[in-house]
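S.K.: Handing you this structure, nothing more for now.
The values are calculated or read from the model by the stated rules, or taken from the named source; none is laboratory data. Since we're looking at a predicted model, the values are computed, not measured. So basically every Cβ, Gly included, is an ideal-geometry build from the backbone, and we count neighbours across all protein chains shown. Remember, those area values only see protein heavy atoms, side chains included, never the ligands or the DNA or RNA. Shrake-Rupley method; radii C 1.70, N 1.55, O 1.52, S 1.80 Å.
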Amino acid sequence: MTKTIVSGITPSGNELHIGNYFGAVKPQIELQNEGHQTYYFIADLHALTTVKDKQTLESNIKNVVLDYLSLGLDPEKTIFFRQSDVPAHSQLSVVLTNFVTYGHMKRMHAFKDKLEKGAGEESINMGLFNYPILMAADILLYKPNGVPVGEDQRQHVEITRDIAENFNHAVNQDVFPLPEAYINKDVGRIIGTDGQRKMSKSLGNIISIFADENIIKDQIMGSYTDPNRKKATDPGTVEGNPVFLYHDLINQNTAEVQDLKNRYKEGAVGDVEVKQKLIAAHQAYFSTARAKRLELEQNIDQVNQILATGAAKATEVAKETIKEVYQAVGLRK
Ligand code: AQP
């Protein structure tokens, strides 16, 4: 059965990292290539919660668009657009605000995390607080079956379902089907190079995809491994060791990975060799995408055209949903 799939990426940073890629972008591209109706967008309005500088935002958007296209997003198959080009996202968000309570919103983790990290309520902007409502609008506009995301977004898809149910119940009409979160249990939460927390732009514990090769080398060489291993001859732990998790994702030479794991457990290989092989594997894995990106950078007009076409297609669908919603609540006949 052909499904409708929606997902987005916030251009809150200048680039995608391998956590974004394996947790979200790769599964999204696979769904696209399986022939489902896919809508993927750059969530530029969401980025305003943290990015307040015009040049930074413009550069972030451009980079994330190029990253996405280079990693296999096919505009012939996917409706690819910028959120702010489709005003229906904002329109639906305003309506949905009335179908979720303040109490429920206060339990959302993006907001709670900020509070726990010491931010006072006075410093949290309402864009961040309302983020899950705009995200519910982003999703529900296209009435999808599924939303492929990383584990950190599970709660946002759950609140989207709750809002949809509240809305349907209030208008006594099944306007919104309830979307499912598509989260892969193996790659839904890629660990960062600190070996502790989720890989995140804002935590600086990432492995880049398109950065300068020297930066990527430094990121990999600086990655946490087995802290109990003092010398290369000490037997090491492979399970949960980030460097081996990355090898499993990136290194296409499975025999080499198995050999490294065996030798690591026996204390017969140093961390440096394991990391150097990971650098080589990274170069091989992303070389096509990196070449594609260089080509796209020379064709920015074509990229802008892709986004304009995507926005026009998304608008057609989104407008219909707004019409239905306005009618259901009594704003239009
Ligand atoms: N470490 C991760 N493992 C698996 N999936 C991940 N995603 C993010 N980090 C990981 C998924 O990538 C998609 C796009 O994420 P986003 O940039 O819109 O938001 P994010 O989750 O906030 O990404 P970051 O890097 O953690 O950004 P900051 O530091 O700005 O908060 C989403 O589907 C996400 O689940």
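S.K.: Considering only residues that are in contact with a strand residue (DSSP E or B) (Cβ under 8 Å, 6 or more places away or on another chain) and of a type in the set (F, W, Y), which ones fall in region 150-199?
M.R.: Once the filter is applied, which keeps residues that are in contact with a strand residue (DSSP E or B) (Cβ under 8 Å, 6 or more places away or on another chain) and of a type in the set (F, W, Y), region 150-199 yields only Y182.
S.K.: Every residue in region 43-60 that is surrounded by 19 or more Cβ atoms within 10 Å (Cβ to Cβ) and free of Cβ contacts under 8 Å to residues at least 60 places away in the same chain, please.
M.R.: Residues satisfying the conditions are D44, A47, V51, N60.
S.K.: If you don't mind, there's one more thing I want to ask. Tell me which helices (runs of 4 or more DSSP H) are completely within region 229-333 and hold 3 or more residues being in the same structural domain as N20 (by TED's automatic domain parsing) and more than 27 Å from the chain's Cα centre (by Cα), or say none if there are none. Before you say what the answer is, go through the steps one by one.
M.R.: Values: elements: 242-250, 254-266, 271-297, 300-329.
Hits in region 229-333: 300-329.
S.K.: Please list, ordered by first then second residue, the pairs with beta carbon atoms under 7 Å, 6 or more apart or interchain, first in region 76-91 and closer than 19 Å to Q32 by Cβ, second at pLDDT 95 or above and part of a loop (DSSP other than H, G, I, E, B).
M.R.: Correct list of pairs: F80/L73; Q83/A43.
S.K.: Just need a number here: residues in region 187-206 that are within 7 Å of the ligand (Cβ to nearest atom) and either part of a helix (DSSP H, G or I) or of a type in the set (D, E) (or both).
M.R.: Residues in region 187-206 being within 7 Å of the ligand (Cβ to nearest atom) and either part of a helix (DSSP H, G or I) or of a type in the set (D, E) (or both): 3 in total.
S.K.: Ok, one more. Name the one entry in N145, N166 that is in contact with a Lys or Arg (Cβ under 9 Å, 6 or more places away or on another chain) and in contact (Cβ under 8 Å) with a residue 24 or more places away in the chain. Steps first, please.
M.R.: On the way: N166 fails: in contact with a Lys or Arg (Cβ under 9 Å, 6 or more places away or on another chain).
It is N145.
S.K.: Still on this structure: Name the single residue that is surrounded by the fewest Cβ atoms within 10 Å (Cβ to Cβ) among those in region 257-284 being farther than 11 Å from I220 by Cβ and in contact (Cβ under 8 Å) with a residue 24 or more places away in the chain. Steps first, please.
M.R.: To start, the set of residues in region 257-284 that are farther than 11 Å from I220 by Cβ comprises 257-270, 273, 284.
Now narrow it down to the ones that are in contact (Cβ under 8 Å) with a residue 24 or more places away in the chain: 264-270, 284.
Values: Y264: 26, K265: 14, E266: 11, G267: 14, A268: 14, V269: 19, G270: 16, A284: 13.
The residue in question is E266.
S.K.: Still on this structure, I have one more. Among the numbered criteria (1) within 21 Å of S7 (Cβ to Cβ); (2) open to solvent by 30 Å² or more (accessible area, probe 1.4 Å); (3) away from the ligand (no atom under 11 Å from the Cβ); (4) touching a residue at least 60 places away in the same chain (Cβ under 8 Å), which single criterion is violated by P177?
M.R.: So P177 meets the others, but not (4).
S.K.: Going through E239, E295 one at a time, which residue ends up being open to solvent by 50 Å² or more (accessible area, probe 1.4 Å) and in contact with a Ser or Thr (Cβ under 9 Å, 6 or more places away or on another chain)?
M.R.: Details: E239 fails: in contact with a Ser or Thr (Cβ under 9 Å, 6 or more places away or on another chain).
Exactly one of E239, E295 is open to solvent by 50 Å² or more (accessible area, probe 1.4 Å) and in contact with a Ser or Thr (Cβ under 9 Å, 6 or more places away or on another chain), namely E295.
S.K.: If I ask for residues that are surrounded by fewer than 22 Cβ atoms within 10 Å (Cβ to Cβ), more than 7 Å from the ligand (Cβ to nearest atom) and under 22 Å from L48 (Cβ atoms), which ones from region 1-30 would you list?
M.R.: N14, E15
S.K.: Mind telling me which of the residues T160, T225 ends up being touching a Leu at 6+ places or on another chain (Cβ under 8 Å), more than 12 Å from the ligand (Cβ to nearest atom) and not aliphatic (A, V, I, L, M)?
M.R.: Details: T225 fails: touching a Leu at 6+ places or on another chain (Cβ under 8 Å).
T160 is the lone residue from the list that is touching a Leu at 6+ places or on another chain (Cβ under 8 Å), more than 12 Å from the ligand (Cβ to nearest atom) and not aliphatic (A, V, I, L, M).
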